[in-house]
1. For the range 80-90, in order, what is each residue's ³J(HN,Hα) by Karplus, 6.51 cos²θ - 1.76 cosθ + 1.60 with θ = phi - 60°, in whole Hz (x at glycine and Pro)?
2. If amide hydrogens are placed 1.01 Å from N in the peptide plane, which non-local residues have theirs closer than 5 Å to the one on ARG67?
3. Can you put LEU49, LEU40 in order of accessible area, largest first, using a 1.4 Å probe?
4. Long-range amide H contacts for TRP93: which residues qualify at under 5 Å (H placed 1.01 Å from N, peptide plane, sequence gap of 5 or more or a different chain)?
5. Averaging over all projection directions, find the projected area of the Cα convex hull of the range 18-61 and quote it in nm² with one decimal place.
6. Using only the C-alpha atoms of the chain, find the volume of their convex hull and express it per residue in Å³.
7. So which GluC sites (Glu not before Pro) in the range 79-174 end up in coil per DSSP with only 12 or fewer other C-beta atoms within 10 Å?
8. For the range 134-174, what is the convex hull volume of its Cα atoms per residue in Å³?
Amino acid sequence: MTIRVREMTEADTDEVARLRVLGWQHAYRGIMPRPYLDSLDPLPFAAGLRRGLAGPTARTGHLVAPRPGEPGEPGRIMGWACQGPYRPHEAGWGEVRALYVHPEFIGTGVGRALLEAATARLSADGLPRVRLWVVRGNTRALHFYERAGFTPDGAEQSEDIQGVTVGELRYARG
């Protein structure tokens with residue numbers, strides 16, 4: 001399968017938002033409370049994506065991997081990545097802020113293609129060192145990033161989601 005990566009457009013926002021919800025529900029089942037995952041709504045996220053695309057985005061970029069076929073086909077986005085300067089700002093550091101692959105395409109190279117494109121964009125923007133956050137317990141993602149040369153740098157954070165503490169580990173490369 002040939003994997004093509006391109007900039008996300010406004011026409012992609014609804015599908016990317018659905019993919020993000022599906023990605024959370026797939027990756028975080030058993031890590032986050034099921035009622036929380038089941039209640040996720042793509043509409044507010046899609047609206048936020050549209051606002052971000054319409055205004056200044058402080059070098060935040062969104063990439064998609066479209067499914068081969070007709071542009072208007074449902075389910076045409078196989079994966080999505082978001083990248084930009086590390087938050088909070090730290091000179092020379094970029095961040096892969098999100099990377100989700102439709103469950104049907106996990107293990108096919110879509111995630112790797114998106115990660116390579118996102119990190120190449122960051123490097124082209126003068127941000128050759130990259131950080132990202134991975135939910136503790138998401139072993140598939142932890143192994144994926146480790147195979148791509150990322151290592152934990154010791155930083156951790158956590159958030160309470162409906163009474164469950166969900167931890168994140170920071171990974172870095174460069």
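The values are calculated or read from the model by the stated rules, or taken from the named source; none is laboratory data. Not measured: the values here are computed from a predicted model. Reconstructed Cβ throughout: ideal geometry from the backbone, glycine too, with neighbour counts over all protein chains shown. The protein model used for the area step is the full one, side chains on, heavy atoms only, and it has no ligands, DNA or RNA in it. Shrake-Rupley method; radii C 1.70, N 1.55, O 1.52, S 1.80 Å.
1. Along the range 80-90, the couplings run 9, 9, 10, 9, x, x, 4, 10, x, 3, 9 Hz.
2. It is ILE77, MET78, by chain and number.
3. LEU40, LEU49
4. Under 5 Å from the amide H of TRP93 lie the amide H atoms of TYR86, each far enough along the sequence or on another chain.
5. 3.6
6. Measuring per residue, one finds 120 Å³ for the Cα hull of the chain.
7. Sites meeting the loop and neighbour criteria: none at all.
8. Per residue, the Cα convex hull of the range 134-174 comes to 54 Å³.
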